[in-house]
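For reference, the structure discussed in these notes is given below.
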Amino acid sequence: MQQPKLEADFLESHKLARYSAEFWISHSQQVGDASKETTSRKAIQLCSEENYAYVNWIRLWNPDRPWEEPKLQKDSDKILGPLYYAALLDLRNVVKVLLDKDANVNAQGGRYGNALQAASSGGHEAVVKLLLDAGADPNAQGGYYGNALQAALSRGYGVVVKMLLDAGADPNTQGWCYGNALYAATSRGYKTVMKLLLDAGADPNAQGGEYGNALQAASLRGHETVMKLLLDAGADPNAQGGCYGNALYAATSGGHEAVVKLLLDAGADPNAQGGYYGNALQAASSGGHEAVVKLLLDAGADVNAGGGSHGNAL
């Protein structure tokens, strides 16, 4: 049922309305133990689609887009159900009550696509468990991160990642700007999460993202331990793609001596072509990385190889 809209001068006559809409949650979380039951009951009462106050709360302050100005005239039938916002804000008691009342756990909508992705993006472990136990689809696609697994990976929430994988989340799922889950974890140096993904069957050679694959992303940043994990899992040291062409070139560009040695020991071709300078030796020479140049020459890099923007290494 369509709820009446707020008048244009509502905020003028109700000075604290916007503040109350935005900060009631943080205030409720600071109450003492004696008041928690009452506060929780009030929150449950508020988060009811039939409650006029619920609709006005979202009109005054949308937790999904907190930077936006109030939308006093927003149609009530365009406001998401309370389960989504309760999951986003870690209101676990509210989530439990709503699920007990048969709220649609897989309802689509919102910036994060669904309640599970919203909870995963904040690392809200208790809420994620409630949603999964209620039948939330761990592989549902959509939203800002593409899926819940990518959302949990965005900030390295290892416990949530494990919960999702245990519930059947696909470790090779695509989404977000990183292309795939392993690439996302690698780019940010989340070693523990990477191991979880690899143990769950993530493909170390999956393609995607700006750098083409996880190995190249790790090489560029000099993540030595991460590199070893990937190589031990079967990552191809000569895989082509991404803006640097290959992992060796990426590591060389950054002057990461230990990573270059790892790649060469794993069979990386010191004469592989690609990248702005044409090959790894030219990239190392351009950056003045003496130790890396020596490693490449000792591994058989052709000192006279041409190509790239500068013609040759010299």
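Considering (1) crowded, with 17+ Cβ neighbours inside 10 Å; (2) over 23 Å from N180 (Cβ atoms), the lone condition that G135 does not fulfil carries the number (1).
In the stretch 34-87, which residues are at pLDDT 90 or above and under 13 Å from L98 (Cα atoms)? Correct list: G81, P82, L83, Y84, Y85, A86, A87. Can you tell me which residue within the stretch 57-78, out of those that are surrounded by 11 or more Cβ atoms within 10 Å (Cβ to Cβ) and among the polar types (S, T, N, Q), is farthest from E22 (Cα to Cα)? If we take residues in the stretch 57-78 being surrounded by 11 or more Cβ atoms within 10 Å (Cβ to Cβ) and among the polar types (S, T, N, Q), then S76 is farthest from E22 (Cα to Cα).
Among the criteria (1) at pLDDT below 95; (2) under 20 Å from A169 (Cα atoms); (3) in contact with a Leu (Cβ under 6 Å, 6 or more places away or on another chain), the one M227 does not fulfil is (2).
Of all the criteria given as (1) touching a strand residue (DSSP E or B) at 6+ places or on another chain (Cβ under 9 Å); (2) of a type in the set (A, V, I, L, M, F, W, C); (3) under 14 Å from L220 (Cβ atoms), the one not satisfied by A305 is (3).
Residue check: is N172 crowded, with 22+ Cβ neighbours inside 10 Å, touching a strand residue (DSSP E or B) at 6+ places or on another chain (Cβ under 8 Å), farther than 16 Å from A118 by Cβ and not small (G, A, S)? The answer is no for N172.
Restricting attention to the stretch 147-179, the residues that are within 10 Å of the chain's Cα centre (by Cα), not in a helix (DSSP H, G or I) and not charged (D, E, K, R) add up to 8.
Here's the yes/no breakdown for (1) modelled with pLDDT of 85 or more; (2) of a type in the set (G, A, S); (3) more than 23 Å from E210 (Cα to Cα); (4) touching a helix residue (DSSP H, G or I) at 6+ places or on another chain (Cβ under 9 Å):
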{"position": "G255", "(1), (2), (3), (4)": "yes, yes, no, yes"}
{"position": "D269", "(1), (2), (3), (4)": "yes, no, no, yes"}
{"position": "N279", "(1), (2), (3), (4)": "yes, no, no, yes"}
{"position": "S285", "(1), (2), (3), (4)": "yes, yes, yes, yes"}
{"position": "V292", "(1), (2), (3), (4)": "yes, no, yes, yes"}
{"position": "D298", "(1), (2), (3), (4)": "yes, no, yes, yes"}
{"position": "A313", "(1), (2), (3), (4)": "no, yes, yes, yes"}
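Take the residues in the stretch 183-196 that are free of Cβ contacts under 8 Å to residues at least 40 places away in the same chain, within 21 Å of Y144 (Cα to Cα) and buried (at least 21 other Cβ atoms within 10 Å of the Cβ); name whichever of them is nearest to the chain's Cα centre (by Cα). My answer is A184. Against the condition surrounded by fewer than 22 Cβ atoms within 10 Å (Cβ to Cβ) and without any contact (Cβ under 8 Å) to a residue 40 or more places away in the chain, how does S154 come out, does it pass? So S154 fits the description; yes. Go through the residues of the stretch 118-131 one by one and say whether even a single one is of a type in the set (D, E, K, R), in a helix (DSSP H, G or I) and at pLDDT below 95. Checking the stretch 118-131: not a single residue is of a type in the set (D, E, K, R), in a helix (DSSP H, G or I) and at pLDDT below 95. With respect to L91, is the statement that it is over 23 Å from G146 (Cβ atoms) and modelled with pLDDT of 90 or more true? It is true that L91 is over 23 Å from G146 (Cβ atoms) and modelled with pLDDT of 90 or more.
For (1) of a type in the set (F, W, Y); (2) in contact with a helix residue (DSSP H, G or I) (Cβ under 8 Å, 6 or more places away or on another chain), each residue gets a yes or a no:
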residue: A86; (1), (2): no, yes
residue: L89; (1), (2): no, yes
residue: R92; (1), (2): no, yes
residue: V105; (1), (2): no, yes
residue: Q108; (1), (2): no, no
residue: Y112; (1), (2): yes, yes
residue: E125; (1), (2): no, yes
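The values are calculated or read from the model by the stated rules, or taken from the named source; none is laboratory data. Everything numeric in this text was worked out from a predicted model, so none of it was measured. Positions of Cβ are generated from backbone atoms using ideal geometry, with glycine treated the same way; all protein chains shown enter the neighbour counts.
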